[in-house]
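Participant: There's a structure below that I have some questions on.
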Amino acid sequence: MSTAAAATGNGMLQVEEARQTLLDAVAPRDTSSEPVSLDAAEGRILAEDLTATIAVPSWDNSAMDGYAVRTADLSEDPGVELPVSQYIPAGQAPKPLRSGTAARIFTGAPVPENADAVIMQENCTALDGRVRIDKPVEAGANIRAAGEDIRQGATILTAGRRLQPQDIALAASVGIPQLPVRRPLRIAVLATGDELVPPGETLGAGQIHDSNGPLMAGLVRRIGCELVHSCRVADTSEATREALNSAAADADLILTSGGVSVGEEDHVKAAIESLGSLELWKIAVKPGKPLAFGHLGNTPLIGLPGNPVSLFVTFLLFAAPVIRRLQGRDTLFPKPAPVPAGFECDKPGKREEYLRVRLSKGRLEAFPKQGSGVLSSAVWADGLAQVPAGARISPGDVVDFFSFSDLVF
């Protein structure tokens, strides 16, 4: 780490450099899989590529209600009348279409053999046992060809994808009843500090309600992981070591908030170093300059800042990609969207800054108070605007925007 930090010239890692260093230090935790029903698959990580065993659709079918015809039986002039030889609702197999006739057909129904077009019913006039074709039609019109959506044997979903409802529907459409998924990643979260008091309890002098623990727990669940350990840790060496040992026994990853500085009451750093290994980083990012990374045995640990907004932002920028790597995901970090700024930054900063912003009328509006303790800014905002170090931003300048939904996926 010292080589990477020195490369910046100021002892701090750049954001992308820090993220990549973290990703290079971990690997997927478990390559085993388990089959789950479609009803239980939403949000799980697909363990294997899925292949279509059938084509979708499996046969040519009608794209709308109307009449199946042979275009050879029609003329270029409207008004041709054809007897209706059969009635084809969805779910029934048709007979071959007889020459010189039409078949009444409905959306999704199989197109009969010999028919090469479907005329929408709005372009026809139904008569007694016959139909008049009021507008011309070309061969292939209003027919969904077999395999148009999915070819038999095609890969429909790739391993590492976090399954969404539409993914599950796609698997169902080719008749797959169960999906192979990775087991959920198990994460422990530890909020450190004697000043933290659970919500609902009375605050004493100098105490605050613990928001970091619920914040980390919620983010862990949102990203598709299992929370196996969550606690507040008192500022003593014994309590810290006990909590870390317990977490390492059950978890694939440990997240902590606060306690990795060098003060007399910051016991996390010393406890991790005595139980495993720890590196403290300074990252050229605002908010959230301090970050810790280490291992307790084979269990990686990320130490996040204690200020709630710093914790929130560094989780999104650094911890979330690491979690996705450990999950075996196919995408680790989202691409930003270029959006015009509706705010001004006239004082270039020395660190890359992530402002809490929201999209309003095609521009990004910045929360007026960007302090690392202003948690309400994260509730008001719907994403982060990236402001490069040394940059001045004027209204109308295009900046990179990361929506919260893209950062926690």
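What follows is calculated from the coordinates using simple rules that are stated; it is not laboratory data. Small disclaimer: the values here were computed from a predicted structure and weren't measured. Cβ placement follows ideal geometry from the backbone for every residue including glycine, while neighbour counts extend to all protein chains displayed.
Participant: Distance check, please: which entries in LYS289/LYS361; LYS269/LYS347; LYS347/LYS369; LYS286/LYS335 exceed 24 angstrom between their Cα atoms?
Facilitator: Result: LYS289/LYS361; LYS269/LYS347 exceed 24 Å.
Participant: What percent of all Cα-Cα pairs in the range 69-128 falls into each 10 Å bin, going from 0 up to the bin containing the maximum distance?
Facilitator: For the range 69-128, the binned pair fractions read 23, 59, 18, 1 percent.
Participant: Here's another thing I want to ask about it. Which residue, PRO290, PRO136, PRO395, has the most motion in a Gaussian network model of the chain that connects Cα atoms within less than 10 Å?
Facilitator: Maximum among the listed residues: PRO136.
Participant: Using per-residue counts of other Cβ atoms within 10 Å, averaged over each peptide, order 242-252, 28-38 from highest down.
Facilitator: Numbers: 242-252: 19.1, 28-38: 13.7.
In descending order of packing, they fall as 242-252, 28-38.
Participant: Rg/Rh for the chain: what does it come to with C-alpha atoms and Rh from Kirkwood?
Facilitator: On the way: Rg = 30.1 Å, Rh = 25.5 Å.
Looking at the chain, the ratio lands at 1.18.
Participant: Sticking with this one: Could you state, as a whole-number percent, how many of the C-alpha pairs of the range 311-364 are farther apart than 12 Å?
Facilitator: 75 percent
Participant: What FRET efficiency comes out for SER173 versus ALA205 if R0 is 51 angstrom and r is the Cβ-Cβ distance? Round to the nearest 0.05. Could the numbers behind the result be given before it?
Facilitator: Details: r = 62 Å, r/R0 = 1.21.
With a Förster radius of 51 Å, E is 0.25.
Participant: If the reach is capped at under 14 angstrom between alpha carbons, list the aspartates and glutamates near LYS135, excluding any in the same chain fewer than eight residues apart.
Facilitator: List returned: ASP73, GLU76, ASP77, GLU81, GLU122.
Participant: Indicate, rounded to the nearest 5 percent, the antiparallel portion of the DSSP beta bridges found entirely in the chain.
Facilitator: On the way: 56 of 82 bridges.
In the chain, approximately 70 percent of DSSP beta bridges are antiparallel ones.
Participant: Return THR236, THR256 ranked ascending by Cβ neighbour count within 10 Å, so the fewest neighbours appear first. Intermediate results must be reported in sequence, preceding the final value.
Facilitator: Details: THR236 13, THR256 28.
Ordered from fewest to most neighbouring Cβ atoms within 10 Å, THR236, THR256 come out as THR236, THR256.
Participant: Find the percent of Cα-Cα distances in the range 337-407 that exceed 19 Å, and round it to a whole number.
Facilitator: Values: 619 of 2485 pairs.
Percent of Cα pairs beyond 19 Å in the range 337-407: 25.
Participant: When a/c is below 1.5 the answer is rounded, else prolate if a/b is larger than b/c, else oblate, so apply that to the range 205-247 with a ≥ b ≥ c taken from the square roots of the Cα gyration tensor eigenvalues. If you can, show how the numbers build up before the last one.
Facilitator: Values: a/c = 4.54, a/b = 1.29, b/c = 3.53.
Oblate is the answer for the range 205-247, as a/c is 1.5 or above yet b/c matches or exceeds a/b.
Participant: OK, next. Given axes a ≥ b ≥ c from the Cα gyration tensor, I'd like to know whether the range 204-315 is rounded (a/c under 1.5), prolate (a/b larger than b/c) or oblate.
Facilitator: Values: a/c = 1.15, a/b = 1.05, b/c = 1.10.
Cα axes put the range 204-315 in the rounded bin.
Participant: Rounded to a whole number of µm²/s, how large is the Stokes-Einstein D of the range 108-261 at 20 °C and 1.002 mPa s, given Rh as the Kirkwood radius over C-alpha pairs?
Facilitator: On the way: Rh = 21.8 Å.
Using the Kirkwood radius from Cα pairs, D works out to 98 µm²/s.
Participant: Another question, then. At q = 0.16 Å⁻¹, what is the base-10 log of I(q)/I(0) for the range 131-191 according to the Debye formula with one equal point scatterer per Cα and no solvent? Please give it to two decimals.
Facilitator: Debye intensities relative to I(0), on a log10 scale: -0.74.
Participant: What does the convex hull of the alpha-carbon atoms of the range 157-219 project to on average, in nm²? Intermediate results must be reported in sequence, preceding the final value.
Facilitator: On the way: hull surface 26.3 nm².
With the hull built on Cα positions only, its mean projection is 6.6 nm².
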